[in-house]
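The values are calculated or read from the model by the stated rules, or taken from the named source; none is laboratory data. As the structure is a computational prediction, the values presented were derived from the model and not from experiment. Every residue, glycine among them, receives a Cβ derived from its backbone with ideal geometry; neighbour counts consider all protein chains shown. Note: accessible area is taken over every heavy atom of the protein model, side chains too, but ligands, DNA and RNA are not part of it. Shrake-Rupley method; radii C 1.70, N 1.55, O 1.52, S 1.80 Å.
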Amino acid sequence: MPVLPGAEPYRHEGGEVGVLLCHGFTGSPQSLRPWAEHLAGRGLTVSLPLLPGHGTRWEDMQVTGWQDWYAEVDRELRGLLERCARVFVFGLSMGGTLTLRLAARHGDAISGIVLVNPANKLHGLSPYALPVARHLVRTTKGIASDIAKPGSVEIGYDRVPLHAAHSMRVFFRMVDAELPQVTQPLLLLHSPRDHVVPPADSARILSRVSSTDVTEILLEQSYHVATLDHDADRIFEESHAFIGRLAPSVGKEGTATGG
């Protein structure tokens, strides 16, 4: 199936500092594209992959699971680690969960992580019924475009395939157990008014990770897809400053490379 217009992966070869961006469940790179372009414009090497089963039609996602999604971002991370001196990983929603597992498994190879409305637990899909329900019902209503900003739209599926949702639930439980292995500097930005992932998920993550360099920022003007919402510029600026603090050479690269 052809990729939906705007949902294509994005890559930019910049300087010695790399950033991997991970999009969310049923979404696409479009939700993070402005963030990726902001970082690329400041001289960073950027990778924003399309997760398997995403960006086409929900039927394609029905036959994928967390192992497929994680394998994709793990492969992209390894490529960045080969090309860059320092690598950061950023994620939105389930992309935040993918980010946390990469951090738990790759350790010091990752210089820092940024999470936006990260997901830790499945809500609203009667998760305990999923193991059986997924064999009886194929989909439930979609979760895309929870955005406060008028006219801002997320490219995502209007249905959630239940086989994939069940796999995501398994993944969340696994990553929750791995959170104490996360030690990297952490910037977590979350929306108090998020209709997809409640603030409790961010609180749970912050209480479980072993990171000592932790910054939490509230996105008061945005809903779930904050990277396309009123607080998008703040996310872009805070994350770039986070990189600049931990990898000071990035400021010099940005000047040299320009837009």
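Values computed for the structure shown
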quantity	calculated
Fraction of the pair-distance distribution of the chain above 32 Å, Cα-Cα pairs, percent	14
Angle in degrees between helix 66-83 and the longest Cα principal axis of the chain, rounded to the nearest 10	10
C-alpha long axis of helix 232-246 to longest principal axis of the chain, angle in °	50
Accessible area per residue in Å² at 1.4 Å probe, computed on the stretch 1-81	34
Net charge of Cβ neighbours under 9 Å - reference R101; Lys, Arg +1; Asp, Glu -1	-1
Stokes-Einstein diffusion coefficient of the stretch 1-100, Kirkwood radius over Cα pairs, 20 °C, 1.002 mPa s, in µm²/s	160
Within the stretch 152-259, GluC sites (Glu not before Pro) in DSSP loop having at most 15 other beta-carbon neighbours inside 10 Å	E220
More than 13 Å apart - percent of Cα-Cα pairs taken over the stretch 51-112	63
Heavy-atom accessible surface of the chain: percent carbon and sulfur, 1.4 Å	51
Nearest 10 degrees, 0 to 90: helix 94-106 Cα axis against the chain principal axis	60
K121 accessible area, 1.4 Å probe, all protein chains in place, Å² to nearest 10	110
Per DSSP, loop trypsin sites (Lys or Arg not before Pro) in the stretch 1-81 with at most 16 further Cβ within 10 Å	R57
Contour minus Cα-Cα distance for R173 and L218 (0.36 nm per residue)	13.7 nm
